[in-house]
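Trainee: This is the structure I have questions about; it appears just below.
The values are calculated or read from the model by the stated rules, or taken from the named source; none is laboratory data. In this text, all values refer to a predicted model and were calculated from it rather than measured experimentally. Positions of Cβ are backbone-derived with ideal geometry, glycine not excepted, and every protein chain shown enters the neighbour counts. When the accessible area is computed, the model is the full protein with side chains, heavy atoms only, and any ligands, DNA or RNA have been set aside. Shrake-Rupley method; radii C 1.70, N 1.55, O 1.52, S 1.80 Å.
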Amino acid sequence: MSTASVPLPAWINYGVIPLLNLILAFFFSGLVVWAIGENPFEALNFLIQGALGRGDAIGFTLFYATSFIFTGLSVAVAFHAGLFNIGSEGQAYVGGLGAALVALSLDHYVPWYVTMPFAVVGAALFGAAWAFIPAWLQAKRGSHIVITTIMFNFIGAALMVYLLVNVFIVPGKMAPETRTFLPGGQLPKLDWLMALFGLKLGPAPFNVSFIIALVMCYLVWLLIWRTKLGYEMRTLGISPTAAVYAGIPYVRTVIIAMLISGGLAGMMSLNAVMGASARLQVEFVAGAGFVGIAVSLMGRSHPVGIILAAILFGILYQGGADLSFEMPNITRDMIVVIQGLVIFFAGALEYMLRPAMVRLYQTARGK
């Protein structure tokens, strides 16, 4: 029997194998660091201390992780329906417009906790709207979702630059951005949460959108594994032919899955637009949509795995900044190489060690 068809316990599939892949990624990253003349153990220490060694460092790590949770969930929902949504970057960008319009409209009149639910809905609606046309083209015309969502990333970027330069720019200023939101349009920091652990948040923009992200994780889990729609999406993802034969409506399921995916990506903007900068700026997404692909792959498209993978990439982002400062030979480009190795081993080669694990498991059970 092929090892690919041998079932393994969940603790091996979702725990041991990803952990071993991650160890391999860091091992080869260490070889790269050693090859340029630096001590890999010292580099790892700077990386961990820079990401987790202080209250503000943890705050920045969780701030990055929040964005990656949203985009990771976005990719995962589409993936369960057999769709590879590469457009989370553009959907998050356009979602920022929805959040900003709500904040600009309400921040004069109501406190943040009144603005927040409307901003969540606005960001989700704008992100979903940007995913609708690629979804319709896939469902009705057979256009490949990967191609259309990539193209819509560029269209969304061009649209947002035009709006920020020509419509929303503050008169008399050069920076292409909206005015700063008043407190009624800002998401407060989670100082109290850090204080529970005896830590000070400092300048880190760790904010309420982290809690929203965790709520979305729970709702996505409910959707995918506890609802009829989720069952239909997973069936479609496993076998479109069998799903259609069973009476699952292909067009409706594809469009709904992509709308949910786009809405989750759009909500990523809450973290950056209303939580960090308190205004809508050019390129605020900063690649989080593409990192979400890696986060979803590493997390096996499960909300718990996505949270853990998002925190890992938050550590790499924040710790990498400190590492490049402490060890100038390890540039930001080198940090990208390390991230790439993590994606390579935990994503592209996620099943590389599975045959060996199957043999070990069978030996341990006496088969």
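Trainee: Can you give me the number of residues within segment 223-232 that are over 18 Å from residue 265 (Cα atoms) and surrounded by 11 or more Cβ atoms within 10 Å (Cβ to Cβ)? It would help to see each step written out before you state the result.
Mentor: If we filter segment 223-232 for residues that are over 18 Å from residue 265 (Cα atoms), which is where we start, we get 225-232.
Narrowing further to those that are surrounded by 11 or more Cβ atoms within 10 Å (Cβ to Cβ): 225, 227, 229-232.
Residues flagged as over 18 Å from residue 265 (Cα atoms) and surrounded by 11 or more Cβ atoms within 10 Å (Cβ to Cβ) within segment 223-232 amount to 6.
Trainee: Which one of these is over 19 Å from residue 51 (Cα atoms), in a helix (DSSP H, G or I), in contact with a helix residue (DSSP H, G or I) (Cβ under 6 Å, 6 or more places away or on another chain) and open to solvent by less than 20 Å² (accessible area, probe 1.4 Å): 285, 273?
Mentor: So the residue among 285, 273 that is over 19 Å from residue 51 (Cα atoms), in a helix (DSSP H, G or I), in contact with a helix residue (DSSP H, G or I) (Cβ under 6 Å, 6 or more places away or on another chain) and open to solvent by less than 20 Å² (accessible area, probe 1.4 Å) is 273.
Trainee: How about segment 288-320: which of its residues are touching a residue at least 24 places away in the same chain (Cβ under 8 Å), among the aliphatic types (A, V, I, L, M), over 20 Å from residue 266 (Cβ atoms) and open to solvent by 10 Å² or more (accessible area, probe 1.4 Å)?
Mentor: 297, 298, 304, 311, 312, 315
Trainee: Quick check on my filter: what residues within segment 343-357 are open to solvent by 60 Å² or more (accessible area, probe 1.4 Å), within 22 Å of the chain's Cα centre (by Cα) and modelled with pLDDT of 75 or more?
Mentor: Passing the criteria: 343, 344.
Trainee: If you scan segment 90-148, which residues turn out to be without any contact (Cβ under 8 Å) to a residue 12 or more places away in the chain, in a helix (DSSP H, G or I) and of a type outside the set (Val, Ile, Thr)?
Mentor: Across segment 90-148, the qualifying residues are 105, 113, 117, 137, 141.
Trainee: Return the pair list, or none, for Cβ contacts closer than 7 Å from residues in segment 191-212 that are of a type outside the set (A, V, I, L, M) to residues that are part of a loop (DSSP other than H, G, I, E, B), at least 6 apart or on different chains.
Mentor: Here the result reads 191/201; 206/190; 207/187; 207/188; 207/190; 209/187; 210/190, each pair linking segment 191-212 to a residue that is part of a loop (DSSP other than H, G, I, E, B).
Conditions (1) small (Gly, Ala, Ser); (2) out of contact with any helix residue (DSSP H, G or I) (no Cβ under 8 Å at 6 or more places or on another chain); (3) modelled with pLDDT under 95, marked per residue:
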position: 171; (1), (2), (3): no, yes, yes
position: 175; (1), (2), (3): yes, yes, yes
position: 195; (1), (2), (3): yes, yes, yes
position: 202; (1), (2), (3): yes, no, yes
position: 205; (1), (2), (3): no, no, no
position: 212; (1), (2), (3): no, no, no
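Trainee: Assess whether residue 199 counts as being under 30 Å from residue 105 (Cα atoms), aliphatic (A, V, I, L, M) and open to solvent by 40 Å² or more (accessible area, probe 1.4 Å).
Mentor: Judged against the criteria, residue 199 is not a match.
Trainee: Do you know which residues across segment 149-162 are open to solvent by 30 Å² or more (accessible area, probe 1.4 Å), out of contact with any Phe, Trp or Tyr (no Cβ under 7 Å at 6 or more places or on another chain) and touching a residue at least 40 places away in the same chain (Cβ under 8 Å)?
Mentor: 150, 154, 155, 159, 161
Trainee: Just to be sure before I move on: is residue 81 open to solvent by less than 10 Å² (accessible area, probe 1.4 Å) and in contact with a Leu (Cβ under 6 Å, 6 or more places away or on another chain) in the structure I sent?
Mentor: Considered against the rule, which asks whether it is open to solvent by less than 10 Å² (accessible area, probe 1.4 Å) and in contact with a Leu (Cβ under 6 Å, 6 or more places away or on another chain), residue 81 comes out as yes.
Trainee: Residues to consider are 71, 66; find the one that is in contact with a helix residue (DSSP H, G or I) (Cβ under 8 Å, 6 or more places away or on another chain), closer than 24 Å to residue 195 by Cβ, surrounded by 24 or more Cβ atoms within 10 Å (Cβ to Cβ) and in contact (Cβ under 8 Å) with a residue 12 or more places away in the chain.
Mentor: Details: 71 fails: closer than 24 Å to residue 195 by Cβ.
That would be 66, the only listed residue that is in contact with a helix residue (DSSP H, G or I) (Cβ under 8 Å, 6 or more places away or on another chain), closer than 24 Å to residue 195 by Cβ, surrounded by 24 or more Cβ atoms within 10 Å (Cβ to Cβ) and in contact (Cβ under 8 Å) with a residue 12 or more places away in the chain.
Trainee: Filter segment 2-43 for residues that are under 24 Å from the mean Cα position of the chain (by Cα), open to solvent by 70 Å² or more (accessible area, probe 1.4 Å) and within 23 Å of residue 303 (Cβ to Cβ) and give the result.
Mentor: 11, 14, 19
Trainee: Would you check which residues across segment 96-131 are within 21 Å of the chain's Cα centre (by Cα), among the hydrophobic types (A, V, I, L, M, F, W, C) and surrounded by 22 or more Cβ atoms within 10 Å (Cβ to Cβ) and list them?
Mentor: Those that are within 21 Å of the chain's Cα centre (by Cα), among the hydrophobic types (A, V, I, L, M, F, W, C) and surrounded by 22 or more Cβ atoms within 10 Å (Cβ to Cβ): 97, 99, 100, 116, 119, 120, 123, 124, 126, 128, 130, 131.
Trainee: Report whether or not residue 247 is touching a residue at least 24 places away in the same chain (Cβ under 8 Å) and of a type in the set (Gly, Ala, Ser).
Mentor: no
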